[in-house]
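Okay, structure first, notes after.
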Amino acid sequence: MKNFAIVLLVSVLACCSSAFAQDKAPATTAAGVLNHNLSGVEAEFVPAAEAMPESQFKFAPPTSLGEFKGVRTFEQEVQHVAAINYIIGAAILGEKPPVELKGEGAPASVKTKADTIKFLKDSFAYAHKALDSINDQNVFELVQLPWGKDKISRAELGLIMCNHPWDHYGQMVEYLRMNKIIPPASRG
């Protein structure tokens, strides 16, 4: 039954990942499928973060354009995703995050756009390391959910890690367009 569950998970994830590059051999492990999906969002997210000029990196829409009071800035969106990559990666690995986070944001030492981009790229490297640790023996093993007292499987945490950046990517695309910047993924 466990092998069937693993095959089912890999099959479902493989179907979900079919929108990404077709030139690679299909992944044959849960870690491979999860890493492939994470690479897909990483390939969109990092260039979008890099596209915003430093002068607009702290941009948030003004309330004169609608109900934007208290929303994250562009920089905070990027830093939040990086922090969550670390938090989820640490939970999958069963360790503390390797960086001192400020809640669900960047460490205090992250101050510039360059610092934020490095923090983001490093977080994706750590996320891939965490996903690489998932194997047939532990894929459905329960680990502590980073938020609350519940436990969750490594597979589920891996899926959350792959999907979470897309929520914030959408917001970042809006912020880029509000600044008359075409997101890299939309350029012809």
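Only the coordinates and a few stated rules stand behind these numbers; no lab work does. Note that the structure is predicted; figures quoted are calculated from it, not measured. Cβ: placed from backbone, ideal geometry, glycine included. Neighbour counts: every protein chain shown.
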task: Calculate, for E54 and I160, the FRET efficiency according to 1/(1 + (r/R0)^6) with r their C-beta to C-beta distance and R0 35 Å; round to the nearest 0.05.
output: 0.70
Kyte-Doolittle mean at least 1.6, axial Cα span of 20 Å or more - DSSP H helices of the chain: 2-16
field: Coil-residue trypsin sites (Lys or Arg not before Pro) of segment 69-116, DSSP, other Cβ within 10 Å capped at 13
entry: K69, K111
task: Using log10 I(q)/I(0) by the Debye sum over Cα atoms at q = 0.12, 0.13, 0.18 Å⁻¹ as the read-out, say which of [x] -0.74, -0.81, -1.24; [y] -0.61, -0.71, -1.19; [z] -0.67, -0.77, -1.26 was calculated from these coordinates.
output: [y]
message: Quick check on segment 101-187: take the gyration tensor over C-alpha atoms, sort the square-rooted eigenvalues as a ≥ b ≥ c, and tell me if it's rounded (a/c under 1.5), prolate or oblate.
response: prolate
message: Compute, for the chain, the length of the dipole vector about the Cα centre, with Cβ point charges of +1 (Lys, Arg) and -1 (Asp, Glu) only. Units Debye, rounded to 20.
response: 220 debye
field: Per-residue Cβ neighbour rank within 10 angstrom, fewest leading, F119, F68, F57, F74
entry: F68, F57, F119, F74
- prompt: Given only helices, namely DSSP H runs of n ≥ 4 each adding -39500 (n - 2.57), what is the per-residue ellipticity at 222 nm of the chain, to the nearest 500 deg cm²/dmol?
  reply: -18500 deg cm²/dmol
message: What do you get for chymotrypsin sites (Phe, Trp or Tyr not before Pro) in segment 123-188 restricted to DSSP loop and a cutoff of at most 16 other Cβ within 10 Å of the site's Cβ?
response: F140, W147
message: Can you tell me the length gained on complete extension of the stretch K180 to D136, counting 0.36 nm per residue apart and subtracting the Cα distance?
response: 11.2 nm
query: Zone of T112 (label point 7 Å along Cα→Cβ, backbone N under 12 Å): which residues in segment 43-58?
result: 54
task: Please compute the net charge surrounding T29, taking Lys and Arg as +1 and Asp and Glu as -1 over other residues with Cβ under 13 Å from its Cβ.
output: -1
query: Of the cross-linked pairs K113/K149; K118/K149; K111/K151; K69/K113; K96/K149; K69/K149, which ones have a Cα-Cα span greater than 28 Å in the structure shown?
result: K113/K149; K118/K149; K111/K151; K69/K149
